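Let me begin by presenting the structure, written as structure tokens, before commenting on it.
The values are calculated or read from the model by the stated rules, or taken from the named source; none is laboratory data. Keep in mind it's a predicted model, so treat the numbers as computed, not measured. Here the Cβ positions follow ideal geometry from the backbone for every residue, glycine too, while neighbour counts run over all protein chains shown. Accessible surface areas use protein heavy atoms only, side chains included; no ligands, DNA or RNA. Shrake-Rupley method; radii C 1.70, N 1.55, O 1.52, S 1.80 Å.
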Amino acid sequence: MLALKNVEVVYHDVILVLRGISLQVPDGKIVALLGANGAGKTTTLRAISGILDVQDGKITKGEITLDGEPIHHLSASKIVRKGVSQALEGRRVLAELTVEENLRLGAHTNHRRLGENLDRVYGLFPDLKQRPKFIAGYLSGGQQQMLAIGRALMSAPRFLLLDEPSLGLAPMLVQEIRDIIVEINRQGTGVLLVEQNAGMALTISQHGYILEIGKMVMDKASSELLKDEDVRE
């Protein structure tokens, strides 16, 4: 179980972004985290991944735990080794490297299973399997998103954090990414899915949380959130 308990995050020592939020991601489940722009969704993922310091942010209250063990004091690389990996918003592939070089970088904490994890990623993303030597910067937007997710999977995480994986993609590609997330989860990986596309997120997740200006305002089964008029609005 990955859990946040009353987590507060402050940027630049003055800007309070998360105001005591709590959520849980059980093993093998998909959990959706929804909210408008600026609600604090990306900050939540950064807090879990240990990369708040890049933006001069820090956790000032609460804790983040994995199986009851606090991880919020660990470095980003140690958090990956513990089994939590993130695909960042905006893809963030290394444009001058090849597809396979990007993937191999994702395996820097898990070299022993490199071949096995490459096979898994290429099985999930046949487009990437056909282009291992292709320069990442010349991939289409959808292919770059696949590469970003694939790179995050190269550490064989128990929990995968996805930040807006459908952002900027055509409807057909959104459906493809949706199906891939379902398959990743079917293979046993828990997923915390941050999405603006609430309909897509709630149809594949078991539980959903809604953030509003740094506060958790809803916490329900996804099937209930889909029926809620406020959520629809």
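Data for the structure
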{"read-out": "Filtered residues of region 92-124 (kept if modelled with pLDDT under 95, of a type in the set (A, V, I, L, M, F, W, C) and within 21 Å of residue 173 (Cα to Cα))", "value": "93, 95"}
{"read-out": "Residue within region 216-233 that is assigned to a loop (DSSP other than H, G, I, E, B) and either among the small types (Gly, Ala, Ser) or under 15 Å from the mean Cα position of the chain (by Cα) (or both) present", "value": "no"}
{"read-out": "Hey, residue 28 open to solvent by 50 Å² or more (accessible area, probe 1.4 Å) and in a loop (DSSP other than H, G, I, E, B) or not", "value": "no"}
{"read-out": "Count - residues of region 167-204 that are outside any helix (DSSP H, G or I) and open to solvent by less than 10 Å² (accessible area, probe 1.4 Å)", "value": "7"}
{"read-out": "Of residues in region 31-66 being more than 25 Å from residue 231 (Cβ to Cβ) and among the basic types (Lys, Arg), the one least open to solvent (accessible area, probe 1.4 Å)", "value": "58"}
{"read-out": "Among the candidates 20, 40, residue that is touching a residue at least 60 places away in the same chain (Cβ under 8 Å) and either of a type in the set (Val, Ile, Thr) or more than 18 Å from residue 88 (Cβ to Cβ) (or both)", "value": "20"}
{"read-out": "First in region 160-172 and closer than 13 Å to residue 30 by Cα and in contact (Cβ under 8 Å) with a residue 40 or more places away in the chain, second anywhere and of a type in the set (Val, Ile, Thr) and assigned to a loop (DSSP other than H, G, I, E, B), Cβ under 9 Å, 6 or more apart", "value": "160/189"}
{"read-out": "Region 188-200 residues that are touching a residue at least 60 places away in the same chain (Cβ under 8 Å), paired with ones that are crowded, with 22+ Cβ neighbours inside 10 Å and assigned to a loop (DSSP other than H, G, I, E, B) (beta carbon under 7 Å, 6 or more apart)", "value": "189/157; 193/205; 195/166"}
{"read-out": "Scope region 115-128; condition open to solvent by less than 30 Å² (accessible area, probe 1.4 Å) and out of contact with any Phe, Trp or Tyr (no Cβ under 9 Å at 6 or more places or on another chain); matching residues", "value": "117, 118, 121, 122, 124, 125"}
